[in-house]
Amino acid sequence: MSIILAAEALSCVRQDRVLFENLNFQLSAGQVLYIQGKNGAGKSSLLRLLAGLTLPEDGQILFHGKPLFAQPELYAEQLLFIGHQSGIHPQLTALQNLAFWSALTDQQLADPYQLLGSLGLAGLEDIPCFMLSAGQQRRVSLARLWFTNKPVWILDEPFTSLDQQLIARLEQHFLQHLAAGGVIVLTSHQSLSAAYPELKSLELEYRW
Amino acid sequence: MAFNSWTEFWAMGGYALFVWLSFGTTYALMLGLWWYSKRQHKQIQQQICAKAAREQRVRQHQESEK
Amino acid sequence: MWGSMFRWLDPYAKPETLYHLCGRLLPYLMVLAVFTLLLGNIWGLAFSPADYQQGDSYRIIYIHVPSAIWSMGAYSSMAIAAFIGLVWQIRVAQWAVLAIAPIGAVYTAIALFTGAAWGKPMWGTWWVWDARLTSELVLLFLYLGVIALSGAFSEAARGIKVASLLAIVGVVNLPIIHFSVEWWNTLHQGATITKFAKPSIDPSMLWPLLISILGFALLLAALTCLRLRSQILIFEQHRPWVRQLLDSKADSTQKEQN
Amino acid sequence: MVMWRALVQRELQLLGRQKADWLNPLVFFLLVLSLFPLGIGPEPGMLKQIAPGLVWIAALLSVLLSAERLFKDDYRFGVIEQLVAGRQGLFSYVTAKICCHWLSTGVPLVLVSPLIAVLLGLDWQSWQVLVVTLLLGTPVLSLLSVLGAALTMAADKGGILQALIILPLYIPLLIFASGAMEAAATALPYTGQLAVLLAFLLFALALVPLAVRQALRMNVG
């Protein structure tokens, strides 16, 4: 099986603190990388490195065997990144946020009402997002997972403020994505409950 | 020497205020920058040492907890 | 081609090597700078003949012109460092931006102040809205902007990159600003102020001036070395070599005390 | 192009929802202009003489103020992060931002210019030149302000810092815009100044969006 995403001797320094050093992993199609660690251990920083937002202090990230910095555009096209912040503007409605996102990534969204309804947002489609609860906002932001064809998903705490039922639904969706040959990198405080075919765990320690 | 005496030299042909003000300020600023940069360098070294000591303490604490 | 041409520079882009290189160069540069500065300035102050028009007040030229020249020289080197730092992602070049900026600001302040102190006896006023003076003032603002911007971020590495970008934007803008101010100046008061007619300067005045200019350049280099060392320490403090360096330094001072 | 249209549409939706963002600078502009006669006396001759500089300094300040919050929300809620990670949308986003900023601050200034002419006692000819300089100059103001906002986006202290770094870059614009109006007031030819303003505009149009894109990337990285 071909390796899609790999890290070689990766190290990261934030605010003069070494977050991690000499980190290695390989991720093939259909695999999940589940990153755990205490607050401040560098989970989010690792995700931002993998999303190409920051450059590593040392080491490199390989996408299909080639270093990331040599092919940033190609990688960005294959990547879906949902960071710590939701990425939705609270002054805009759920529909407007989705329209913005679909225009940005060139992905057609056939029936936004149906999608938002299936995520339990029926009737909330056209009111500004600041009027929604934290969980509802999270759902708007995660809605893009249902109309994307990007193979690499990088998700920072996707389960935050979601109820059990929706987490189960999301994990079910993860399984479909993996079955279709995608990869997922995610962090979470909750433990994963679905039966993933290939789950790789990575524990980051808080270092001094 | 373009001047006949020291007093003439200090007088600068009547322009003493402007000439010595300029030179004085210039050298004061340069010395100030030098002193500031030196002190900054020393402070940074001290901060790094303090940080290393802090990390040492944390490590010792973790050892004793085990 | 560009890569191979500058390959020999690679070891100096390594922070540790550069730190030690700066440390070795620093005393020589400093001694040379002090020597040339004093030589040029004392020669200019005491031994050059007085100007037949301006009398002894012209002696301010021996600090005014060098500081004005190198205030711009420092800006260009800062902008070049910023460009190298951003385009090729060479971090020591980015740190050099932060090392040079305060020196450039001080040089600019010196040029402005000595210009004013020279203007008072010659033009009868501390300040005129002359094209050169105005441009120099804007240069000071640009320096202050770079310094302020680099310090405004909680993450120092980010601040330094953004400040580098501003330095480059500034260097693109400086000629435009200078040209605008010159145009505006001729419109408002005409080019009435004449300083030196350049070719007519006597060698006995020129030599100390050239030596002073060299002295300011050497001082710029020495101060840059000193400040760059600080920057390297700040951004490399998590590296083992810095720890070892400071440990061994602490040991040696302890031994001296014993 | 489809993407760009969608991005412009989004900006306009945001402007529609946050009317204070573009109404306040306009009110501020008029307020500053009306403060000057109160401060230095209402003689028409004097006002006419200082009108060019006055209008342009007031315009500078109001456009600068309006730019301060330009990227703050998008940064805080992670939208910029998305754009930087997605790469291809970032440049369109930057140009859409600049266009909409001009539409929301530059165009209103042009629209209220007859009012300015009345307040400051400008004649027909001077008003025409004022409109032309505003049309040529306010896009440059917007470009530079957006650059300032982008540079200071993630900075801990925004507003005054943005002014500090961008005001020096405004100087050429200030000189030539008020120069054109002065020339017109004294019946001298002013097409030269307008040509220089146009050159500034084209130059800024070519370079500033690139610099803004870079600044946004740095502020996120």
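Read-outs throughout are calculated quantities, based only on the coordinates presented, and are distinct from any laboratory measurement. As the structure is a prediction and not an experimental result, all values here were calculated from the model. So basically every Cβ, Gly included, is an ideal-geometry build from the backbone, and we count neighbours across all protein chains shown.
What to note about this one:
- Here the spin labels are modelled as points 7 Å beyond Cα on the Cα-Cβ line, and at residue A:179 and residue D:118 they lie 7.1 nm apart.
- Computed from label points 7 Å out along Cα-Cβ, the spacing between residue D:40 and residue D:199 is 2.9 nm.
- Cross-link table B:66/C:249; A:150/A:200; A:200/B:51, entries beyond 27 Å C-alpha to C-alpha: B:66/C:249; A:200/B:51
- 10 Å Cβ neighbours from other chains, averaged over peptide A:131-140: 0
- Amide N proximity, the stretch A:67-96 versus residue D:69 label position 7 Å along Cα-to-Cβ, cut-off under 14 Å: A:90-92
- Cα-based equivalent ellipsoid, chain B: semi-axes from gyration tensor eigenvalues, Å: 57, 9, 6
- The protein assembly as shown: translational diffusion in µm²/s, Stokes-Einstein, Kirkwood Rh over Cα pairs, 25 °C, 0.890 mPa s: 83 µm²/s
- The stretch D:112-221: trypsin sites (Lys or Arg not before Pro) falling in loop per DSSP and having at most 12 other Cβ within 10 Å: D:157
- Near the amide H of residue A:14, within less than 5 Å, lie the amide hydrogens of A:19, all on another chain or at least 5 residues away, with H placed in the peptide plane.
- Pairwise label distance in nanometres, residue B:25 with residue A:205, each label 7 Å out on the Cα-Cβ vector: 5.9 nm
- Cα convex hull of chain C - mean projected area over all directions, nm²: 18.1 nm²
- Near residue C:44: Cβ cut-off under 15 Å, other residues only, Lys/Arg at +1 and Asp/Glu at -1. The net charge is -2.
- Build a GNM of chain D with springs between Cα atoms under 10 Å apart, and of D:173, D:143, D:135 the one that fluctuates most is D:135.
- Going from the fewest other Cβ atoms within 10 Å to the most, the residues D:138, A:105 appear in the order A:105, D:138.
- Highest-first arrangement of C:91-99, A:107-115, B:54-62, C:56-64, where packing means the average Cβ count within 10 Å: C:56-64, C:91-99, A:107-115, B:54-62
- Ratio of the Cα radius of gyration of chain D to 2.2 N^0.38 Å, where N counts its residues: 1.05
- Value of Rg to Rh for the stretch A:3-204, rounded to two decimals, is 0.96; Kirkwood radius and Rg both from alpha-carbon coordinates.
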